[in-house]
1. Is segment 689-708 home to any residue that is under 38 Å from the mean Cα position of the chain (by Cα), of a type in the set (S, T, N, Q) and surrounded by fewer than 17 Cβ atoms within 10 Å (Cβ to Cβ)?
2. Could you grab me the full set of residues in segment 270-286 that are of a type in the set (V, I, T) and in a helix (DSSP H, G or I)?
3. Is segment 247-269 home to any residue that is part of a helix (DSSP H, G or I), among the hydrophobic types (A, V, I, L, M, F, W, C) and in the same structural domain as A358 (by TED's automatic domain parsing)?
4. With in contact (Cβ under 8 Å) with a residue 60 or more places away in the chain, closer than 30 Å to D423 by Cβ and part of a helix (DSSP H, G or I) as the only criterion, which of L126, L197, L204 stands out?
5. Do the conditions hold for E267, that is, is it surrounded by 18 or more Cβ atoms within 10 Å (Cβ to Cβ), touching a residue at least 40 places away in the same chain (Cβ under 8 Å) and acidic (D, E)?
6. May I ask you to verify whether N268 is at positive phi and either out of contact with any Phe, Trp or Tyr (no Cβ under 7 Å at 6 or more places or on another chain) or modelled with pLDDT of 95 or more (or both)?
7. If A381 satisfies every condition in (1) touching a residue at least 12 places away in the same chain (Cβ under 8 Å); (2) in a loop (DSSP other than H, G, I, E, B) but one, which is the exception?
8. Output the residues belonging to segment 280-314 that are modelled with pLDDT under 90 and among the hydroxyl-bearing types (S, T, Y).
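The values are calculated or read from the model by the stated rules, or taken from the named source; none is laboratory data. Bear in mind that the values here come from a model prediction, so they are computed numbers and not experimental data. Cβ atoms come from the backbone with ideal geometry, glycine included; neighbour counts cover every protein chain shown.
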Amino acid sequence: MKQITFELLRHGPPNNQLLSPLTQYLALCENHPATTLHMPFEHNQFLHRHRALSYALRGADPTGNLDEARSFQVKDTARVLGELLGQVPGLVAEMNRDHINGGDACAEREGSRATHFRMVLSASELALLPFELALSPPGFPGAGEPLLLQLQDPVCLTREVRRIAERTLTWPQQPRVLFISAFPGNSAPQGLVQRHLGILHQLLDPWADYSQPTESRLKHLITHLDNATSDDIAQACASEQYSHVHILAHGKEYRDGFDFRYGLALENRLAPGTPDVVSGERLATALRPMQSQPGRQGSRPLVVTLASCDSGNQGSVYGLGGSVAHALHQAEIPIVIASQFPLSVDASREFVLLLYEALLWGKDPRIALNTLRRRLHTLYANTHDWASVSAYASLPENFEQWLAEAETHQNIRGMEAALSFADSVTEKVDEERGTPTGASPTPTPAAAPGTKQEDLTELLDIAAQRMDDGRTRIEALFSRQPHNIARLAGKLAAIEKRCAQACFYFADKSPKRHAELTGRWQSMLHKSRQHYWLVYESDRSQSWAILQYLSLDLILRRLHSPLPDPELTLDPHEEHNQPAVLWKLVHDLSLNDLRGKDQKFRLWALGNLVELYLMAPLVDKLQIELPGSRKPSRAPAAAPAGAVGRDRAIQHARTLIDIAGPASWDVYCTRRQVLRYAIWFPEIADVGGVNDLAWELARLLPAKQPVS
């Protein structure tokens, strides 16, 4: 995404200055020469405009004439602000730079043609101006249309205050949402809190923990503080690290000496049922307390969203301070999204839905803001909700890379949750029939006594759909993250394999759909096999990927009942990938990694060697040199692969446990893969006596959940 930094400066402190055509402002845009600007408003004149923009005139005249006056003020203010931006030659040049130079070369990437317009404003009186309304001036893309709605080159405007830029952002291993709602005296529109909570639950459901009872599945993802006081917020943030905070409350004007400001009307802990109008500075203190647990850093959410009227409203400019959003941003919260004018009830639902749908999946919040504005403009013709949305953002230079990591992480977590759901459904089916699979790595959920067969079939369909949706989302990342192909292909290969296992059990439990589901799991195994080879082609250091390719290749060659589907044919170039050759290649690479100093590669090598010797009897024409024998002058005679494989597999498994520890991911993943040879592979293919050694290894490897 193209980025333009535009800053307006003037002499003097940030406060205690009024808008005036006499005041000179210095406009800086990238490395272009500075331009002097004069505001086209007197302060009192703009306050009259602002009153109309804040709907203060609505309903005062039953004829609707004053509503027409508001509409005129919106259009006229948009025109004047657009003309102001058009007076900066450097900004006009930057807005057209990529367009002139043929910047469409990367248009296939999401958001590549979009522009992030960073507006840095330190003067309090400038924060009053709704630049989000501005029309595109001549020379800008989409001239004459609203700048933030035109389609020629999409623009996302964010505000900033001058401070040290973010160096990096860290995506939490498990995003947590704090939903704060407060309407003292039951002043909330009917059902509004529940609708917002329902939307958040719906959006978080792809990561729900289905090993838990229904009421606890989202407990690790969201906390709801209803009728919240500032003290409730401080205590919640002191005990947990929240990545996202969503606040639903009324904005309310209050007096601060001779100034007036806007705060949030929270519950008053000293007088329940009455509002405590909390300033932005007080709210920032509550959201950023010191953590109660020793050694943990202070609380700092990545994103705060304020579905509250006037939460982005500056108020008066005489004293120090600004809007609630401004204060939170100054408290080093990277992204704060608020409303600078009253936000309609219906618009607030779109606000939470569209923003959190993007934020939770790790998508670009700037693209989400642009989408939200268009949606509000489309739906609500009688409001200017689309221009009310105001965003403060301070993003690090590596934000694009950070987003890619966040999106990948969230999609993989979502797919893991979908597989967990599939496991729980499979176990419910087994409980009904009294035939445990013994293959699921997840805890058994609470039993559902009396579940009807049609209910189970519906659950199977839901589980299959969740897995399909997860795979589709991950496949979509391939085109957006070409630099990350090896990692994505590896994750997708593992997911396809686990999906195939779940689908096999679904087929076993659903006789009417057995043929359909059998075709699906066989197709998934072939796709998994192809993805593993893509990992190795993309990164030749990933020898484990050849091992997994070989494992599936051997099983697919030995299927009890392979389907005559042209999509399930083996690789036409398989003569160049003989199993014995691949086995020896992975074996030699793993031994080389085992001798190295990198602990991660040594652990991978040990896991590889355990599985290599486990599968050795399945590899035709494989010759394994006996331990301690002299190197023959000719090719070694074929050795009893089972005997050699058993001793070496057990030896490497014990070494893996000693080095990695019994509760490590390496031991856990190796055991899960070994169990496939013991439980699943014998059901679908001819594996000879390999499953006996697999059970022996499974008993040797500790069945402990890995320590996070």
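1. Among the residues of segment 689-708, at least one is under 38 Å from the mean Cα position of the chain (by Cα), of a type in the set (S, T, N, Q) and surrounded by fewer than 17 Cβ atoms within 10 Å (Cβ to Cβ), which makes the answer yes.
2. Hit for segment 270-286 is T285, nothing else.
3. No, that holds for no residue.
4. Numbers: L126 fails: closer than 30 Å to D423 by Cβ; L197 fails: in contact (Cβ under 8 Å) with a residue 60 or more places away in the chain.
Within the list L126, L197, L204, the selection yields L204.
5. In short, yes.
6. Details: at positive phi: no; either out of contact with any Phe, Trp or Tyr (no Cβ under 7 Å at 6 or more places or on another chain) or modelled with pLDDT of 95 or more (or both): yes.
No.
7. Exception for A381: condition (1).
8. Selection gives S292, S299, S308, S311.
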